[in-house]
Structures are given as C-alpha cells and as structure tokens.
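First up is the structure itself, then whatever we jot down about it.
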Amino acid sequence: MSPSLGPLAGRTIVVTRPRAQADALAAAIRAAGGEPFIFPLLEIGPAPDPAPLADAVARLGDYVLAVFISPNAVDYSLPAILAHGPWPAGLTSAAVGQGTVRALAALGVGGTVAPSERFDSEELLELPELQADRVAGRRVAIFRGDGGRELLADTLRERGASVDCIPCYTRSAPADGAGPLLARWQHGGIDAFTVSSSEGLRHLVDMLDADGRRRLAATPLFVPHARIAESAAALGLGCVVLTGAADAGIIDGLCTYNWPHHD
C-alpha cells in the first residue's frame, strides 16, 4: 500500500516518546501514510551523582537479579557495567518491556526475563524469577531513573529480597517548553497524540496555556496502558483511546481508529 493511501493518510500524529526511543513509532506512522511530529515530553540525561551506579557495578556479582526499568536504564548503565567486566554468569537480567529486552540484547546481554503481554511492574512481579522462593535472602538491583514508582522494590522487599535501587538517569520536562508544539498546532494542525508516560503527560498539560489545554482536550490521545488513561482522565482529558501495549499496540490503535473525514 502506498503511504499516501494508508490509514493515516493526511494525519499528523505527535510522538512524545523520549527522542532516543521515538524513531520506530515515527517510522510506523510514516509507513501508514501519516506524518509524525516528534515532540518528546521527557528529556533524558545521566544521573548527576555517578556514585550509586559505580557502587552497583563494583559488586554486580553479589546480585541474583538485575532489573532494568526502561531502554534508558540500559543506555545509562550497561556500558559502565560491561566496561568493568563481562556480565556475571549467575546474574539474571529482567526487564519491564520488550524494548528494554532488545536494548539489552543489542549490547550482548541475553536470556532476559520480561512480561509477554502487559508491560508493567505488576506483570513483571508475576514471573517465577521474582517470586519469594527465588529472591528471599538474595540481593536484587533495579536500574532506573530518578524517582518513579516504588511498587517493584517494595514488593520484592516484602518477598524477602535485599533491594538496591540505582538511579542511572534523570527525566525532565522539555527545555524548549510548548513553543514548537503550539506553532505546529496553530499552523499545520495536529490530529492526535501518542503518550507512553503519565509523567510526560503531566509535563504536557503543565506547559500548555488555557487555549492549549482546550485544544488537547479535543484531540484524540492514544495511550498503551490503563494507568496512563487514568492519569489523562484525572487531568480532565476526555478523548482518550486505550491501545494495545508498546509501539505495535499504539500503531494498531491509530490505524483502526474511526477518524473523522477531512473537510
């Protein structure tokens, strides 16, 4: 099918993933005939204090399980880990999503355990490798950004594990604010947003003025997780489309959406 005749022909879709993770979804939108507008809602950078990562790297062999929360966690920790030495033979890697599994594999770490359907901490905690009989009395490392949900660490501690949370990157709102987005909205039109982070969604709402928030409330918002949909509802956004997981679920939701006809 020619992209110009695809299901997203004539549609401009905002891709809000961090810049390093935006390309695959943008390419899928183009392949379906749409035009992606990349506007990251989170800027990613290294943790300001390198000491926790350095400490974890030095005693990596003490851990039975290393959990990577996101591809960013891999990008900002694994090079330091591998520079110190090979991946320990007895250390199991775990990931919340398949994008993180691929990021680990690209750097030579295979055999990662991860959910196969719903990509979140709750589903990860259902896997055999994270049950009490596997982690009680053992050390677990969680490589993550600054802050974030504590469910994973708290539950593993309840199961008897000694858990170290290692902040290896930071997340912040876009430095340029909403200017580039508003300029496009006013002149070129925007048909939908894709949002994969509740934190990023809050940044988006905070950076918009009253007119921008009215525009956002009237624009379809495609989200791959119920928790993000709940955040959107709490922020007063009513045009929310819950899709399947990850990029594949988002693009399927975009392509099967009942779009209004162009004038």
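Each reported figure results from applying straightforward, stated rules to the coordinates on display, with no laboratory input. Quick caveat, the model's predicted, so the values are computed rather than measured. With ideal geometry, Cβ positions are generated from the backbone for all residues, glycine too; neighbour counts draw on all protein chains shown.
Things worth noting here:
- Taking max minus min of the alpha-carbon positions on each principal axis, the range 1-82 gives extents of 55, 25, 15 Å, largest first.
- 3J(HN,Hα) from dihedral phi, the range 133-150, Karplus parametrisation 6.51/-1.76/1.60, rounded to Hz, x for glycine, proline: 5, 9, 10, 4, x, 10, 9, 10, 10, 10, 8, 7, x, 6, x, x, 5, 9
- For the chain: relative contact order, % (alpha-carbon pairs under 8 angstrom, 6 or more apart): 19 percent
- Net charge over other residues, Cβ less than 13 angstrom from the Cβ of Thr170 (K, R count +1; D, E count -1): -3
- Computed on the range 1-154, with alpha-carbon pairs under 8 angstrom and 6+ residues apart, the relative contact order is 20 percent.
- Only Lys, Arg (+1) and Asp, Glu (-1) charged, at Cβ; the range 45-171 dipole about Cα centre in debye: 240 debye
- A DSSP coil position with no more than 16 other Cβ atoms inside 10 Å describes the following GluC sites (Glu not before Pro) in the range 22-127: Glu117, Glu126.
- Positive-end extreme of charge dipole, the chain - chosen from Pro260, Ala58, Val74 (charges on Cβ): Pro260
- Rounded if a/c under 1.5, otherwise prolate or oblate - the range 177-263, Cα gyration tensor axes: oblate
- Prolate/oblate/rounded label for the range 45-171 (Cα gyration tensor, a/c 1.5): rounded
- Cβ crowding within 10 Å averaged over residues, with 91-99, 149-157 ranked highest first: 91-99, 149-157
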